[in-house]
Structures are given as C-alpha cells and as structure tokens.
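**Student:** Take a look at this one; I'll ask things after.
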C-alpha cells in the first residue's frame, strides 16, 4: 500500500472478498526526497485507508536493499551513460522478491499490489501469465514483466480488470481519502520540487559537459551534463531552431561525446537484450517461434511488431541474451531500458537493452 | 503454513516504550478533568486549588529526585525536557538555536531526543564499550580537544555535556559520577545534563543524578500519563527557555500546565519510588528467568553486550527491567510480527514517524556486528509484568525464531 488510490482499492477489493488482508507500506528511502511516493504523509494515507477498511497495517523498512538494488545502480548507470528504469529494479528486487519472501515466512499466501495488470492462466498448459490491464492508458504489465511462474502463483493483482476511472469511482464509493490523490509520476526517491534528477545525480556523481557531434564527427554543440543525455532525446540539446529536428543517437560518457542525428539516423533493425527473464519455458518457446510477437520498449510505449527473436548477442553460451529483430526499423531504445515481449496482451518475458 | 493461532494469554513486554498507568494515578487525575478544572495561573481560589495540586506533585517529584521544589520544571514529556536542556543549557535569555554559544557533547547512545539536538548544533559524541558503557577515556579526550579549540579561539568551549543515566535500548547504567568528575576537571564551565527517563523506576535516581545540573524525566515511563515530563534545573544553572509567554514554571517553560497529568505523575512517582526496592528484586528475577530461558532454548541468541561474570552473565550494570538480545538469522521486523500474532508485544531499536524500524545507533555504537544487529529484540518488563507473561514469552519466542529460520528471509 503506497498510499495511492490503486493500492487502496486493491486492498478494499480483497477485503470484500473475505481474504485476511494485511496492508504493508515499504519504507524504502528516507533521503532528500520525502515528497516522492511513500513519504511519511503517504504512509499516513495508507495507514488511514487500512484503518478505514479495518485491516492491519505494517511498515517494513527495506531501505538497505533499496539502496543496494535500486538507488545505487540508478546512479552508477547514469555515470556509465545508461538510462535505467528504477521502478523495474524495485519490482524485481524489492516488491516481488524480498517482500514476497517476507510474506512467505510470515505465513501469508500471496502479495497483492495495485498494479494495473492481470494474472491469468493463459499459458498453453494453464500456466499463470501477466496480461495487460484493461485500461490501455494505464497498463503496467511492462514494469512487472519479470515475474516468473512461481512468483505469479503467489501474486494477486485485483485492479487489472478495472479502468482508472472505475478505480477512482470505487474509491469515492468507499469514501477513501485517497480517491482524488494524483498518481505519483516521478521516480519515488527524487524530489520533483528539489531540482529533480540533475540535482540528485549532481550530488553523487560528477556531471561533465559533453560535445555534440554529427555522424561525421563535426562538433555541432555542447551539453552541460553528458550523463543526463538519453538516447532518443531531442529537447534540451540546444539544437533547436531551423532545420530538421536532431536527436541523441548514441552517448559515450568516457569521451563525453553525444552523436546526434536526424530521426532516420536513430532507426535500427534490431535490439540486443541482456538479463532476459521468461514467465516460464513455454513462454520462451513461444517468443523464439516468433509468430505474433510484439514488444514494448518503454513504460507507456505502443506495441512494436517483432519479426523474430534469436538467442545470442552476448557471451557465448549465455542464454540470457537475445536479439529482437523489428518487423520495420524502429528508433533505438536507450541502453538500460527494458524491452518486454508479448503475445497479444500476454507477457512472455523481457530484458535490458545493451549498447 | 497458515498464520499462527491467536492465544488468550498476552505478554506485554514493551514497558521501556511505555508502561500502564497506575490505577491510583488515574483516580487522582479524574477530578482535575472535571470539577477541579481551573487554570493554576489565575488569582482566585479555584485557580489556587489547581496550583496547590501541581505544587504538591512538584514536592513529591522533588523529594524523589533529590531537588528543591523550585528546581522541578514540568514539561510535556521527556523529549521536551531533553530539547530544553540541550538547546538552552548554559545560556540565559531569549530562546534561539545557535551553535556559536558553545559546543555540546553527548554519548553516542543517547535517545534521539538528546542526540538529534546535539547533532543539529554540530556537537560531538563520545563512544561506548561493547557493553554500552560510556568510554570515560574518550570523554576526557573529547573535552581536552574542545578545550584546546576554545583556547585557540576557535570555539566558545563546551556548553553542555549530556550523558543518559540508563540506556533505553539495552538498559546499561552509565557511570555518571565518574563522568561528572571528568567534566568538572576538563570542562568546568559546562552544564551536565542527564536523561534519567529510563532510570527512574529502577535506580535511586536522587543519588545517581546528584552530580547533574539538569535531569530529564518522563511520567509515562513510571506509571503516569503520556504528555508530562520533568526537567530538574538546579538553582543557578543558566537555561534559555524554548517556550516563552505566560512565564509559568519560573519562566523556564511557559504555558498552562497540564494539571490532571501532573497530579497523576506525582501519584505515580510516589508509588514507583516507594515500591522500588521490592520491584527491582521482583523484576530482576523475572527478567533473569526470561533471559536465561531464551539463551538456553534459542541457538544463536546472545544477550546484547553481555558482561561475563564469575558464575554467569553479570547483569548488574543493566536496569532490572530490560532484556535485550540479538538473534542470528532472523529479521527483527518479521520476528516482531510473528510475536504479535501470538500476543507477545515487544520492540527492537526505535521506530521512525512512519512506523518503520530504523537501524539502532546504540547497537552500532556498541559495535554489535551487522548480522546480529538485524535480529535485535528488546523485551522490557514493568510493574505489571507477571510470571505468566514470562512463561508465555518463553513459549512463543523459540518457535517463532525457528519458523523464520526454516522459511528463510
């Protein structure tokens, strides 16, 4: 229970069904941002919603693991010129790993969250799989794509069958104080009021100016902080005005260089993924068969048609590397971001884009 | 595995957090919520009645703590008393938070109500040994270093030294008399403050704190209500108030006094002090049975910072009511939840305002290894603790630990 409307309604729905529900808020970060998600006021909201529902509310301090698995890598990745997705790492290591293990050891049967997604037994032999939430605008299957069979057996996603409007309407019906609370947008440990990402990173790693060069190597501009440039970015490069739009095509932090180019220079035919995780073996087989496969390359991206999926691209014999071939050229995905593979609305698996 | 079944017996073992109010204290305060409601600051007879009631409580506390009645200042609790002492000691006049008025020094194991103000003022901390006892050599070294800085014109010298009388997490009683000697020699102008919140029930607090210029107490730790505390301010000690206005409490702490609370606090203080020797004896037996039982039945469980004695652990340096252990291979949060399901109520470290557990600065200062710190458990006893509760805790803790170890974390 993050204190937001989604998890509030999820708790209410399970409580209504007669489950024994205990609400848990994770204390993950107590650093500079106490205004992002799960601040003290968010914990209060979660606790009061739990009080209203008549369920116990606990707070677990997983700050050490959050620093190790989410914040630390977020900072290190930026220093290396990658574009991480910390929410995915939080789901991978905290919410569906440590919390799931904590729930197990305390004798609970499942962990539920307010993610907009569904779990359904649509695998060929009835295996549980993640399915997109019904509200296309809010679907969060992308950020929880890493869950595998054993985890899926112990996770409940109650609100995936509701649209956001329906969720808010339920919250209003229940008289919840979080009914009209805005969704949290930014990375939970970075205060949007305190200078954002550049202030947060600037306090932890050196942010060095970089040169912008074209494909031929000619310098066309500069940026204040090369570590903050994302592949595919157009704004903030200081290359506005006349002529066609130019984008960051690649970022090399050691040489503090960003290659920029026109939109077509961003297009690639394939992406290489590392650390690929599959829902189960059958899902892997389906993906490799390459029929009717789509991919999503960002939290709110549209599905991209996939021509084929091939194991490889990494060190020899490393089965967790994949090359995903696009049906039509696509803009490069920023290294560090995840690509998630779907068959229809069902998640098969996903991995992280390498350079 | 299903959830543990709820049991009809409960064991409240968190008296160091707070202890039930004495029924006599509750009875004594009720009329002041009702017919004897006047403001003690008034001039008329009803006001004087309320004034007399708080002054009677003041006399009781003064006698127990070894102070004159005029030296007893009522506050809203231990935290306010500690803040008042750290921010205000050694300065006279209007309130104001300034580090330039002199350095503040405290032990590394103080309650946050002392530690946080000291850190906010850029002060220094003094380490403790593995048993949690103040490192007197380190205290001397810190005071000498500060004296050098002052002589070189880099600071205004040490304004305050704060050493708690007994630690709230592990129960260690501090060597206040020895510390006071060192302060007298190396920082003669410094005010000595002691947070005696955890010591009141278990020690002769008048004797223990006689060396201190300022003493903090908290009523809800000795059977009084929450929302009432004391700061003993010895005559002649300069103390800049935090709260000014009506001038109550000799100007040390303005604001209409919490008459019902203060009356109850006085009654509770009397009961606690009168029964102390027998309570200490009774509680020591219960605590020892609990600790010995846990050590015997839970592998990988240690008494935190235990001091070895000739015939077993020497617990004489701890207050009678505290049993603190560290358990390998379990996480405190998970253990506390399982204990709660079996109606054993305990704690570990401190909680922050969100309700989450924080890592313990006390255990860190005692150099308890990280793997053990993660499995800390504080069981604290009080005036209402019974043998049955100890039996219950001894029955519940070992299987809970086993279950956590079997499940992995």
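**Student:** Hey, does the range A:52-64 have a residue that's out of contact with any strand residue (DSSP E or B) (no Cβ under 9 Å at 6 or more places or on another chain) and either under 30 Å from residue B:373 (Cβ atoms) or within 14 Å of chain B (Cβ to nearest Cβ) (or both)?
**Tutor:** Initially, the range A:52-64 is screened for residues out of contact with any strand residue (DSSP E or B) (no Cβ under 9 Å at 6 or more places or on another chain), giving A:52, A:54, A:64.
Of the ones still in play, those that are also either under 30 Å from residue B:373 (Cβ atoms) or within 14 Å of chain B (Cβ to nearest Cβ) (or both) are A:64.
Yes - at least one qualifying residue is present in the range A:52-64.
**Student:** Of everything in the range B:390-409, what is without any contact (Cβ under 8 Å) to a residue 60 or more places away in the chain and at the interface with another protein chain (Cβ under 10 Å from one of its Cβ atoms)? Give them in sequence order. Spell out the reasoning first.
**Tutor:** Keep residues of the range B:390-409 that are without any contact (Cβ under 8 Å) to a residue 60 or more places away in the chain, which gives B:391, B:395, B:399, B:402, B:406, B:408.
Correct list: B:406, B:408.
**Student:** If you don't mind, another one. What residue, of A:238, A:194, A:160, A:217, is part of a loop (DSSP other than H, G, I, E, B) and in contact with a helix residue (DSSP H, G or I) (Cβ under 9 Å, 6 or more places away or on another chain)? Steps first, please.
**Tutor:** On the way: A:238 fails: in contact with a helix residue (DSSP H, G or I) (Cβ under 9 Å, 6 or more places away or on another chain); A:160 fails: part of a loop (DSSP other than H, G, I, E, B); A:217 fails: in contact with a helix residue (DSSP H, G or I) (Cβ under 9 Å, 6 or more places away or on another chain).
Matching residue, one of A:238, A:194, A:160, A:217: A:194.
**Student:** Select from the range B:46-59 the residues that are farther than 16 Å from residue B:31 by Cα and surrounded by fewer than 19 Cβ atoms within 10 Å (Cβ to Cβ) and list them in ascending order. Walk me through how you get there before you give the answer.
**Tutor:** Of all residues in the range B:46-59, those farther than 16 Å from residue B:31 by Cα come to B:55, B:58-59.
Answer for the range B:46-59, where residues must be farther than 16 Å from residue B:31 by Cα and surrounded by fewer than 19 Cβ atoms within 10 Å (Cβ to Cβ): B:55, B:59.
**Student:** Going by what's in this entry, would residue B:387 be described as free of Cβ contacts under 8 Å to residues at least 24 places away in the same chain and either more than 14 Å from chain A (Cβ to nearest Cβ) or crowded, with 22+ Cβ neighbours inside 10 Å (or both)?
**Tutor:** Details: free of Cβ contacts under 8 Å to residues at least 24 places away in the same chain: no; either more than 14 Å from chain A (Cβ to nearest Cβ) or crowded, with 22+ Cβ neighbours inside 10 Å (or both): yes.
It is false that residue B:387 is free of Cβ contacts under 8 Å to residues at least 24 places away in the same chain and either more than 14 Å from chain A (Cβ to nearest Cβ) or crowded, with 22+ Cβ neighbours inside 10 Å (or both).
**Student:** Being free of Cβ contacts under 8 Å to residues at least 40 places away in the same chain and farther than 28 Å from residue A:150 by Cα narrows it down to one of A:327, A:334, A:256, so name that one. Break it down stepwise before answering.
**Tutor:** Values: A:334 fails: free of Cβ contacts under 8 Å to residues at least 40 places away in the same chain; A:256 fails: free of Cβ contacts under 8 Å to residues at least 40 places away in the same chain.
None of the other options fit; the residue is A:327.
**Student:** Still on this model: State yes or no: is residue A:171 crowded, with 17+ Cβ neighbours inside 10 Å and not in a helix (DSSP H, G or I)? Walk me through it before giving the result.
**Tutor:** Values: crowded, with 17+ Cβ neighbours inside 10 Å: yes; not in a helix (DSSP H, G or I): no.
Judged against the criteria, residue A:171 is not a match.
**Student:** Would it be correct to say that residue A:141 is touching a strand residue (DSSP E or B) at 6+ places or on another chain (Cβ under 7 Å), crowded, with 17+ Cβ neighbours inside 10 Å and in contact (Cβ under 8 Å) with a residue 60 or more places away in the chain?
**Tutor:** For residue A:141, the condition - touching a strand residue (DSSP E or B) at 6+ places or on another chain (Cβ under 7 Å), crowded, with 17+ Cβ neighbours inside 10 Å and in contact (Cβ under 8 Å) with a residue 60 or more places away in the chain - is met.
**Student:** Could you pull out every one of the helices (runs of 4 or more DSSP H) wholly within the range B:15-89 that has 1 or more residues that are closer than 14 Å to residue B:264 by Cα?
**Tutor:** Values: elements: B:23-33, B:45-65, B:78-88.
Once the helices (runs of 4 or more DSSP H) in the range B:15-89 are filtered for at least 1 residues that are closer than 14 Å to residue B:264 by Cα, what remains is B:23-33, B:45-65.
**Student:** From A:114, A:54, A:63, which residue is surrounded by 18 or more Cβ atoms within 10 Å (Cβ to Cβ) and in contact with a helix residue (DSSP H, G or I) (Cβ under 9 Å, 6 or more places away or on another chain)?
**Tutor:** Details: A:54 fails: surrounded by 18 or more Cβ atoms within 10 Å (Cβ to Cβ); A:63 fails: in contact with a helix residue (DSSP H, G or I) (Cβ under 9 Å, 6 or more places away or on another chain).
After ruling out the rest, the residue left standing is A:114.
**Student:** Something else now. Please give the number of the condition residue A:115 fails out of (1) away from every other protein chain (no Cβ under 14 Å); (2) modelled with pLDDT under 95.
**Tutor:** Every listed condition holds for residue A:115 apart from (2).
**Student:** Which of the residues spanning the range B:365-384 are within 14 Å of chain A (Cβ to nearest Cβ), at pLDDT below 95 and under 20 Å from residue B:108 (Cα atoms)?
**Tutor:** Result: B:370, B:373, B:374.
**Student:** Hey, another quick one. Does residue A:42 fit the bill of being within 14 Å of another protein chain (Cβ to nearest Cβ) and either in contact with a helix residue (DSSP H, G or I) (Cβ under 8 Å, 6 or more places away or on another chain) or surrounded by fewer than 23 Cβ atoms within 10 Å (Cβ to Cβ) (or both)? Can you show your working first?
**Tutor:** Values: within 14 Å of another protein chain (Cβ to nearest Cβ): yes; either in contact with a helix residue (DSSP H, G or I) (Cβ under 8 Å, 6 or more places away or on another chain) or surrounded by fewer than 23 Cβ atoms within 10 Å (Cβ to Cβ) (or both): no.
No: the conditions fail for residue A:42.
**Student:** Just to check your reading of the model, which residue among B:300, B:266, B:275 is in contact (Cβ under 8 Å) with a residue 12 or more places away in the chain, within 20 Å of the chain's Cα centre (by Cα) and surrounded by fewer than 20 Cβ atoms within 10 Å (Cβ to Cβ)? Can you show your working first?
**Tutor:** On the way: B:300 fails: within 20 Å of the chain's Cα centre (by Cα); B:266 fails: surrounded by fewer than 20 Cβ atoms within 10 Å (Cβ to Cβ).
Going through B:300, B:266, B:275 in turn, just one is in contact (Cβ under 8 Å) with a residue 12 or more places away in the chain, within 20 Å of the chain's Cα centre (by Cα) and surrounded by fewer than 20 Cβ atoms within 10 Å (Cβ to Cβ): B:275.
**Student:** Could you say which residue among B:65, B:61 is touching a helix residue (DSSP H, G or I) at 6+ places or on another chain (Cβ under 6 Å) and closer than 15 Å to residue B:212 by Cα? Steps first, answer last, please.
**Tutor:** Details: B:61 fails: closer than 15 Å to residue B:212 by Cα.
Step by step, each of B:65, B:61 is checked, and only B:65 is touching a helix residue (DSSP H, G or I) at 6+ places or on another chain (Cβ under 6 Å) and closer than 15 Å to residue B:212 by Cα.
Residues checked against (1) more than 9 Å from chain A (Cβ to nearest Cβ); (2) farther than 18 Å from residue A:101 by Cα; (3) within 21 Å of the chain's Cα centre (by Cα):
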| position | (1), (2), (3) |
| --- | --- |
| B:331 | no, no, no |
| B:344 | yes, yes, no |
| B:347 | yes, yes, yes |
| B:363 | yes, yes, yes |
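**Student:** Another question, if that's okay. Inspect all residues belonging to the range A:72-94 and state whether any of them is more than 11 Å from every other protein chain (Cβ to nearest Cβ), over 25 Å from residue A:333 (Cβ atoms) and surrounded by fewer than 18 Cβ atoms within 10 Å (Cβ to Cβ).
**Tutor:** Here is the first cut: in the range A:72-94, the residues more than 11 Å from every other protein chain (Cβ to nearest Cβ) are A:72-94.
Retained after the next criterion (residues that are over 25 Å from residue A:333 (Cβ atoms)): none.
No, because not a single residue in the range A:72-94 is more than 11 Å from every other protein chain (Cβ to nearest Cβ), over 25 Å from residue A:333 (Cβ atoms) and surrounded by fewer than 18 Cβ atoms within 10 Å (Cβ to Cβ).
**Student:** Give me a count of the residues in the range A:326-355 that are part of a strand (DSSP E or B) and surrounded by fewer than 15 Cβ atoms within 10 Å (Cβ to Cβ). Give the derivation first.
**Tutor:** Keep residues of the range A:326-355 that are part of a strand (DSSP E or B), which gives A:326-331, A:338-343, A:346-353.
After this cut, where a residue has to be surrounded by fewer than 15 Cβ atoms within 10 Å (Cβ to Cβ) as well, the list is A:327-329.
Going through the range A:326-355 one residue at a time, the tally reaches 3.
**Student:** Conditions: (1) buried (at least 16 other Cβ atoms within 10 Å of the Cβ); (2) farther than 15 Å from residue A:83 by Cβ; (3) in contact with a helix residue (DSSP H, G or I) (Cβ under 6 Å, 6 or more places away or on another chain). Residue A:201 meets all but one. Number of the miss?
**Tutor:** (2)
**Student:** Assess whether residue A:173 counts as being farther than 28 Å from residue B:402 by Cα, more than 14 Å from every other protein chain (Cβ to nearest Cβ) and without any contact (Cβ under 8 Å) to a residue 24 or more places away in the chain.
**Tutor:** yes
**Student:** Can you confirm whether the range B:306-328 contains a residue that is more than 11 Å from chain A (Cβ to nearest Cβ), in a loop (DSSP other than H, G, I, E, B) and touching a helix residue (DSSP H, G or I) at 6+ places or on another chain (Cβ under 6 Å)? Spell out the reasoning first.
**Tutor:** Quick first cut of the range B:306-328, residues more than 11 Å from chain A (Cβ to nearest Cβ) only: B:306-328.
Subset that is in a loop (DSSP other than H, G, I, E, B): B:306-307, B:310-311, B:314-317, B:319-321, B:328.
Narrowing further to those that are touching a helix residue (DSSP H, G or I) at 6+ places or on another chain (Cβ under 6 Å): B:320-321.
Yes, that holds for at least one residue.
**Student:** Count, please, the residues in the range B:224-238 that happen to be buried (at least 24 other Cβ atoms within 10 Å of the Cβ) and at pLDDT below 95. Please lay out each step first, then the result.
**Tutor:** Initially, the range B:224-238 is screened for residues buried (at least 24 other Cβ atoms within 10 Å of the Cβ), giving B:224, B:228-233.
Restricting the remaining residues to those that are at pLDDT below 95 gives none.
Residues flagged as buried (at least 24 other Cβ atoms within 10 Å of the Cβ) and at pLDDT below 95 within the range B:224-238 amount to 0.
**Student:** With respect to the numbered conditions (1) farther than 30 Å from residue A:253 by Cβ; (2) crowded, with 23+ Cβ neighbours inside 10 Å; (3) touching a strand residue (DSSP E or B) at 6+ places or on another chain (Cβ under 8 Å), which one is the sole condition not fulfilled by residue A:14?
**Tutor:** Checking residue A:14 against (1) farther than 30 Å from residue A:253 by Cβ; (2) crowded, with 23+ Cβ neighbours inside 10 Å; (3) touching a strand residue (DSSP E or B) at 6+ places or on another chain (Cβ under 8 Å), the one that fails is (2).
**Student:** Sort through B:209, B:194, B:172 and tell me the only one that's surrounded by 24 or more Cβ atoms within 10 Å (Cβ to Cβ) and at pLDDT below 95. Before the answer, list the steps.
**Tutor:** Details: B:194 fails: at pLDDT below 95; B:172 fails: at pLDDT below 95.
Of B:209, B:194, B:172, the one residue that is surrounded by 24 or more Cβ atoms within 10 Å (Cβ to Cβ) and at pLDDT below 95 is B:209.
**Student:** Check A:126, A:136, A:107 and return the single one that is surrounded by fewer than 21 Cβ atoms within 10 Å (Cβ to Cβ), farther than 21 Å from residue A:276 by Cβ, within 14 Å of chain B (Cβ to nearest Cβ) and free of Cβ contacts under 8 Å to residues at least 40 places away in the same chain. Before the answer, list the steps.
**Tutor:** Details: A:126 fails: within 14 Å of chain B (Cβ to nearest Cβ); A:136 fails: within 14 Å of chain B (Cβ to nearest Cβ).
Step by step, each of A:126, A:136, A:107 is checked, and only A:107 is surrounded by fewer than 21 Cβ atoms within 10 Å (Cβ to Cβ), farther than 21 Å from residue A:276 by Cβ, within 14 Å of chain B (Cβ to nearest Cβ) and free of Cβ contacts under 8 Å to residues at least 40 places away in the same chain.
**Student:** Which ranges mark the strands (runs of 3 or more DSSP E) fully within the range A:242-303 that have 1 or more residues being out of contact with any helix residue (DSSP H, G or I) (no Cβ under 8 Å at 6 or more places or on another chain) and more than 23 Å from residue A:223 (Cβ to Cβ)? Show your work before the answer.
**Tutor:** Details: elements: A:247-252, A:257-261, A:267-278, A:293-296.
Once the strands (runs of 3 or more DSSP E) in the range A:242-303 are filtered for at least 1 residues that are out of contact with any helix residue (DSSP H, G or I) (no Cβ under 8 Å at 6 or more places or on another chain) and more than 23 Å from residue A:223 (Cβ to Cβ), what remains is A:267-278, A:293-296.
**Student:** Residue B:221 is checked against (1) touching a strand residue (DSSP E or B) at 6+ places or on another chain (Cβ under 9 Å); (2) closer than 26 Å to residue B:178 by Cβ; (3) modelled with pLDDT of 95 or more; (4) surrounded by 24 or more Cβ atoms within 10 Å (Cβ to Cβ) and fails just one. What number does that condition carry?
**Tutor:** Looking at each condition in turn, residue B:221 falls short on (1).
The values are calculated or read from the model by the stated rules, or taken from the named source; none is laboratory data. Nothing here was measured: the structure is a model prediction, and the numbers come from that model. For neighbour counting, all protein chains shown are included, and Cβ atoms are generated from backbone atoms with ideal geometry for every residue, glycine included.
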